[in-house]
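> Quick one: the structure is below, and I'll ask about it shortly.
The values are calculated or read from the model by the stated rules, or taken from the named source; none is laboratory data. Nothing here was measured: the structure is a model prediction, and the numbers come from that model. Virtual Cβ from ideal backbone geometry, glycine too; neighbours counted across all protein chains shown. Just so you know, the surface numbers come from the protein's heavy atoms only, side chains and all, with ligands and any DNA or RNA stripped out. Shrake-Rupley method; radii C 1.70, N 1.55, O 1.52, S 1.80 Å.
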Amino acid sequence: MSARVHPTALVAPDAVLGADVEIGPHAIVGEGCVIGEGSVVAPRAVLEQNVILGRHVKVGIGSVLGGDPQDLKFKGEPTTVEIGDHTTIREYATINRGTSHSLRTTVGANCFIMSYVHLAHDCHVGDSVIISNGTQLAGHVVVEARAILSGLVAVHQFTRIGRFAFVGGCSRVAKDVPPFVKAVGNPIKLYGLNKVGLERNGFSPEVIRELKRAYRLFFNSELNLSQAREKAASELHTYPEVLDFLRFFEQSDRGVVI
């Protein structure tokens with residue numbers, strides 16, 4: 001089935017529309033945009049420039065994707081916004097293009113980006129991430145797969161949020177949040193393992209037990225970081241999830257929330 005474009009919509013001549021795409025009333029699709037099969041751009045939504053939507057993506061009313069990065073160093077380099085398959089972006093969200101730092105801002109597949117969320121330039125959001133209403137990500141933030149950010153969360157630039165982490169509402173995230181944990185507050189603090197989330201996603205009791213042990217070593221013991229890392233390497237079972245947890249500390253540039 002060919003694309004269905006409302007008569008009041010504006011679509012750039014070079015935009016590429018896949019089969020069964022729907023463009024709503026007064027929507028704008030700008031230069032360099034590619035919209036995958038079955039995707040929907042709702043009324044008054046804007047894809048400003050160089051936006052690449054996967055298959056079956058939904059862009060909500062009044063959302064603006066592909067605007068210039070809000071970065072004074074930006075000099076008009078050709079950069080993109082890229083959205084994965086089956087992702088939903090609700091009303092009035094804004095997602096800016098990347099800068100020369102990474103050349104793109106990306107959102108993975110099967111994500112749910114709720115109303116009034118802002119993703120700044122060079123953010124990279126993994127698959128199956130949920131970001132709730134009004135949450136704001138500064139530039140260069142990385143959110144790993146299946147993390148959940150509750151409403152009205154503010155995330156500092158260059159911060160990383162690990163996979164399967166849960167960040168509670170109204171939190172201020174100024175340091176990296178490790179994978180598999182719960183964090184909330186201003187200033188933000190850790191509140192144990194995200195046990196409910198791990199169980200819902202099919203983690204075995206054995207893996208959850210070892211992650212609990214790792215959490216205790218790093219956050220509920222008298223050991224410093226080096227000692228905790230050494231003890232974990234010698235005592236914990238080397239499940240992939242445990243190794244991911246340990247690697248996160250080695251890769252952190254901003255320091256880790258405690």
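> Defining a contact as two alpha carbons under 8 Å apart and six or more residues distant in sequence, what relative contact order in percent does the stretch 138-192 show?
With pairs under 8 Å counted, the relative contact order is 29 percent.
> Mind giving me the FRET efficiency for residue 2 and residue 68? R0 is 30 Å, r the Cβ-Cβ distance, nearest 0.05 is fine.
0.40
> Next question, about the same structure. Would you work out if the stretch 79-122 is rounded, prolate or oblate? Take a ≥ b ≥ c from the square roots of the eigenvalues of the alpha-carbon gyration tensor; rounded if a/c is under 1.5, else prolate when a/b is larger than b/c, oblate otherwise.
Oblate, because a/c is 1.5 or more while a/b does not exceed b/c.
> Over the stretch 157-258, what lengths in whole Å, largest first, do the semi-axes of the equivalent ellipsoid take, defined as the square roots of 5 times the eigenvalues of the alpha-carbon gyration tensor?
20, 17, 12
> Run the helix sum for the chain: -39,500 (n - 2.57) per DSSP H stretch of 4+ residues, divided by residue count, reported at 222 nm to the nearest 500 deg cm²/dmol. Walk me through the numbers on the way to the answer.
Details: 4 runs with 44 residues, N = 258.
That calculation yields -5000 deg cm²/dmol at 222 nm.
> While we're here: Give me the accessible area per residue for the stretch 133-258, probe 1.4 Å, as a whole number in Å².
That works out to 50 Å² per residue.
> Shifting gears a bit: When the chain is fully extended, how far beyond the present Cα-Cα distance does residue 191 get from residue 226, taking 0.36 nm per residue of separation?
Result: 10.4 nm gained on full extension.
> Which of the listed residues, 115, 187, 25, is farthest toward the dipole's positive end in the chain, when Lys, Arg count +1 and Asp, Glu count -1 at the beta-carbon?
The listed residue farthest towards the positive side: 187.
> Hey, what did the chain get for relative contact order, percent, Cα under 8 Å, at least 6 apart?
Relative contact order of the chain: 8 percent.
> Please grab the % of Cα pairs in the stretch 1-132 that end up more than 24 Å from each other.
Values: 1676 of 8646 pairs.
Everything past 24 Å amounts to 19 percent.
> Rounded, prolate or oblate: pick one for the stretch 214-258, where a ≥ b ≥ c are the square roots of the eigenvalues of its C-alpha gyration tensor, a/c under 1.5 means rounded, and failing that, prolate if a/b is larger than b/c, else oblate.
oblate
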